[in-house]
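Everything on this sheet refers to the single structure shown next.
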Amino acid sequence: MSPHAYTEDQLVEQPAIGLFATLGWQTVSAMEETFGPDGTLGRETKGEVVLVKRLRAAIAKLNPMLPPEAVSTAVDELTHDRSAMSLEAANREVYRLLKEGIPVSVPDREHGGQTTERLRVVDWAHPENNDFLLVSQFSVTGALYTCRPDLVGFVNGLPWVVIELKKPGVPARAAFDENLTHYKQQIPALFWSNALLIASNG
């Protein structure tokens, strides 16, 4: 057996990617990511943690009766800079938007003027209507460093799951202490909509 068969990638990361694929997630590697609208993930820069193109498409699909302006308002609300807030407060705020929907002002066709509607970001009742994407080697440039979590799971373009992997024999706790804690400090925006942190050694 070749030496690379015993690497962290072969022993832990590839099986994890395969597991997500069997659960219906689309999977892609960002190791050689290209940027721009037609790039690998549609990101303009490594500083972006939300896949805006996928987010916009998902919101439009879940809210077919709402105008494009309402979709743009929702995207802006989900992606605006929350770095002045604590990580916990930012996460709570985004969670509330995901759970309850985003209030948007739309034309009132019956009575004239404007009315407020709640725009859905996630279809909680029918999960299959959402967009699930697992990205391996997702690079994000933070305040001082560029970080590259092993796996990031996106739901409707929002990073919900961050997974850090170690090869068997290395304590899973090391993945949390050495990597995930560092990422929280360097790229807090990755955790504003985050629901799960996973550290594993297979």
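The values are calculated or read from the model by the stated rules, or taken from the named source; none is laboratory data. Please read these numbers as outputs of a predicted model, since none were measured by experiment. As a convention, Cβ positions derive from the backbone with ideal geometry for all residues, glycine included, and neighbour counts pool all protein chains shown. For accessibility, only protein heavy atoms count, side chains too; no ligands or nucleic acids. Shrake-Rupley method; radii C 1.70, N 1.55, O 1.52, S 1.80 Å.
Below is a table of values for the structure above.
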{"item": "Formal net charge of residues neighbouring residue 199 (Cβ-Cβ distance under 12 Å; K, R +1; D, E -1)", "result": "-2"}
{"item": "Euclidean distance of C-alpha centroids, region 40-78 and region 159-202, integer Å", "result": "25 Å"}
{"item": "Heavy-atom accessible surface of region 72-152: percent carbon and sulfur, 1.4 Å", "result": "48 percent"}
{"item": "Under-5 Å amide H pairs with residue 27, H placed in peptide plane, nonlocal only", "result": "134"}
{"item": "Projected-area mean, region 44-88, by convex hull of Cα positions, square nanometres", "result": "4.0 nm²"}
{"item": "For region 8-49, Kirkwood radius (reciprocal of mean inverse C-alpha pair distance, Å)", "result": "11.8 Å"}
{"item": "Charge context of residue 84, other residues only, Cβ under 15 angstrom, K/R +1, D/E -1", "result": "-1"}
{"item": "Kirkwood hydrodynamic radius of region 116-187, from inverse mean 1/r over distinct Cα pairs, in Å", "result": "14.1 Å"}
{"item": "Relative contact order (percent, whole number), the chain, Cα cutoff 8 Å, 6+ residue spacing", "result": "23 percent"}
{"item": "Approximate spin-label separation residue 123-residue 170, in nm, with each point projected 7 Å along Cα-to-Cβ", "result": "3.9 nm"}
{"item": "Kirkwood-type radius of the chain, with distances r between different C-alpha atoms, in Å", "result": "18.2 Å"}
{"item": "Spin-label model distance (nm) - residue 185 vs residue 26, 7 Å beyond Cα toward Cβ", "result": "3.6 nm"}
{"item": "Percent of alpha-carbon pairs separated by more than 19 Å within region 3-102", "result": "61 percent"}
{"item": "For the chain, accessible area per residue (1.4 Å probe, heavy atoms of protein chains only), Å²", "result": "54 Å²"}
{"item": "Using θ = phi - 60° and Karplus 6.51 cos²θ - 1.76 cosθ + 1.60, couplings along region 55-63 (whole Hz; Gly, Pro as x)", "result": "4, 4, 5, 5, 5, 4, 5, 7, 10"}
{"item": "Segments 104-113, 180-189, 34-43 sorted - mean Cβ within 10 Å per residue, highest first", "result": "180-189, 34-43, 104-113"}
{"item": "Set of lysines near residue 46 by C-alpha distance (under 23 Å), chain-local residues within fewer than 8 positions excluded", "result": "184"}
{"item": "Whole-Hz couplings from phi, Karplus 6.51/-1.76/1.60, listed for region 125-137; x for Gly and Pro", "result": "6, 10, x, 5, 7, 8, 9, 10, 9, 9, 10, 9, 6"}
{"item": "Note, ³J(HN,Hα) from phi for region 151-164, Karplus 6.51, -1.76, 1.60, rounded to Hz, x at Gly and Pro", "result": "9, 10, x, 9, 10, 6, x, 9, x, 9, 10, 10, 10, 10"}
{"item": "Proximal charge balance of residue 139 [Cβ under 12 Å; K/R count +1, D/E count -1]", "result": "-1"}
{"item": "Other-chain or far-sequence residues with amide H under 5 Å of residue 115's (modelled H)", "result": "106, 108"}
